[in-house]
Amino acid sequence: MPKNEQIITYIEKHKGIIYGLGLSSLIFNFVIGNIFLILLALVALFIIYGKKRFLFNNNFFPIIILFLWGSLSILWSTQAERTFSGIILTLPFLIIPILTSQFNSFDNNNLIKVFRIFGLSLVLYFLVGITKALIIFISEKKHNFFYYHDLVSIFNNNAIYISLFVSTCLLFLINIKNKQKTDYFLITLLSFNLILLSSKNIIFTTFFLLLIQSLMKIKRRNKLGIAFVIFLSLLSLFLIIDIPIKQRFITDMQMNLDKIWNGKDFYDYPITGLEVRIFQWRVFVEMVQNNQIDFLGLGLHNINYLIQQYFNYYNLYKGYFFINFHNQYLQTLGETGIIGLFILLYIFIKKTHLYFKEQKTAQFLIFILIAVSFITESFLVRQKGIVFFVLIFCLFTSYKKEVKQANN
């Protein structure tokens, strides 16, 4: 066998490690992520050179169409410079599918390697965060670094993004048929990490998906009783134990809906996370009523400045967080219009239907999780969210239970 073919065979055998490290790079700043993309490009170019052919997986078309439509919005964007920067930011929608197409299909062993490496990286990151929290607690008696954003303040991460990464690994590792001891170790620590990260939406969605999956495996006559016992047990635990997510949930339940929807000045109002997301819906409705958004949208990455104007007008949450809709569906609708939203929804509907039909449980649950998480966060306005979404899409799209040797 020629040397080039030997190297390509070696790369194909260990591509799970490559993509596992790629997902792990999302823990760090964007520079590390860019280094991964460069290395992936070099590997893909070597495969093209060695095989003397360029391939493209047609199943990647939906995500590339989403990118092309966003790029096309520069024609009607009110701020072409912002949209151009958005096109540069979303290039992974185009680059990663093209590079991944050069590899053979991923089999089950490849995916297991990917998520074991990603899960291990998240656990190591979690342990570093806990160590930092302990040091601060011992020296300053502060306990806030044990949870939420402060827990992942190293590398300036967002707790909701890391929660999505952690939950994705959990759902996949739990669905490995022949688990190893390391898998149980990762599942345990990732579960603990997810709770401390205190993202209400992702925690409850993960629990709900796993509960439904578990009940589907139980005899029908026992399902209702078991579900009732589990619900009461968790409810009792939630009411008795004082944990951060409980406090956040109680705070959100004190919501003043009338104030959020009709208030004129929020300078002294202590708005909660749930309230600010409802306020975003109000802002979107007002933009439509004021004829500031039409069916084509304002252009890729060209709506945050308008949101900022509304926040300034209502004296809301100045300087607290990066201003966006905190809802990817509203974000997409505002930026690329009805067509952009349709493409994004098509991707989720098509994938979840396919994975449900083919009984690919882990893939099905993970895409449901991502779809739900998009309701409370605009993941596709930052590189971490974009690369994560595209990598997951490409990995699952190129997965086959049996990889035919003829493709080598």
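Some notes on this structure:
- When Ile47 is tested against the conditions (1) open to solvent by less than 80 Å² (accessible area, probe 1.4 Å); (2) modelled with pLDDT of 95 or more, the lone failure is (2).
- Among all residues of segment 214-224, there is at least one that is within 28 Å of the chain's Cα centre (by Cα), at pLDDT 55 or above and open to solvent by less than 70 Å² (accessible area, probe 1.4 Å).
- Gly86 being over 24 Å from Leu344 (Cα atoms), assigned to a helix (DSSP H, G or I) and either open to solvent by less than 60 Å² (accessible area, probe 1.4 Å) or modelled with pLDDT under 95 (or both): no
- Apart from one condition, Leu296 fits all of (1) open to solvent by less than 20 Å² (accessible area, probe 1.4 Å); (2) in contact with a Gly (Cβ under 7 Å, 6 or more places away or on another chain); (3) at negative phi; (4) not hydroxyl-bearing (Ser, Thr, Tyr); the exception is (1).
- Sole residue being buried (at least 16 other Cβ atoms within 10 Å of the Cβ) and on the phi > 0 side of the Ramachandran plot, chosen from Tyr125, Tyr148: Tyr148
- Of the helices (runs of 4 or more DSSP H) contained entirely in segment 325-408, those carrying at least 1 residues that are more than 27 Å from Gly33 (Cβ to Cβ), in contact (Cβ under 8 Å) with a residue 24 or more places away in the chain and open to solvent by 20 Å² or more (accessible area, probe 1.4 Å) fall at 328-357, 361-373.
- Gly33 being part of a helix (DSSP H, G or I), open to solvent by less than 70 Å² (accessible area, probe 1.4 Å), closer than 28 Å to Leu298 by Cβ and touching a residue at least 60 places away in the same chain (Cβ under 8 Å): yes
- Qualifying residue in segment 340-357 (condition: farther than 27 Å from Ala159 by Cα, modelled with pLDDT of 90 or more, of a type in the set (Val, Ile, Thr) and in contact with a helix residue (DSSP H, G or I) (Cβ under 8 Å, 6 or more places away or on another chain)): yes
- Here Phe115 fits the description: under 18 Å from the mean Cα position of the chain (by Cα) and modelled with pLDDT of 95 or more.
- If you go through segment 107-122 and pick out every residue that is buried (at least 20 other Cβ atoms within 10 Å of the Cβ) and either over 30 Å from Gly50 (Cα atoms) or touching a helix residue (DSSP H, G or I) at 6+ places or on another chain (Cβ under 6 Å) (or both), you end up with 8.
- Evaluated against (1) touching a residue at least 60 places away in the same chain (Cβ under 8 Å); (2) over 23 Å from the mean Cα position of the chain (by Cα), Glu81 falls short on exactly one condition, (1).
- Residues of segment 274-317 satisfying the condition of being in a helix (DSSP H, G or I) and within 20 Å of Ser77 (Cβ to Cβ): Val283, Phe284, Met287, Val288, Asn304, Tyr305, Leu306, Ile307, Gln308, Gln309, Tyr310
- If only residues of segment 262-286 that are farther than 25 Å from Ser373 by Cβ and surrounded by 15 or more Cβ atoms within 10 Å (Cβ to Cβ) are counted, the one that is modelled with the highest pLDDT is Gly263.
- Residue in segment 134-144 that is polar (S, T, N, Q) and either touching a residue at least 60 places away in the same chain (Cβ under 8 Å) or assigned to a loop (DSSP other than H, G, I, E, B) (or both) present: no
- Out of Ile38, Ile74, sole residue that is touching a Ser or Thr at 6+ places or on another chain (Cβ under 9 Å) and either open to solvent by less than 70 Å² (accessible area, probe 1.4 Å) or not polar (S, T, N, Q) (or both): Ile74
The values are calculated or read from the model by the stated rules, or taken from the named source; none is laboratory data. Not measured: the values here are computed from a predicted model. Ideal geometry is used to build each Cβ from the backbone, glycine not excepted, and the neighbour counts take in all protein chains shown. In case anyone asks, the SASA skips ligands and DNA or RNA and just uses the protein heavy atoms, side chains included. Shrake-Rupley method; radii C 1.70, N 1.55, O 1.52, S 1.80 Å.
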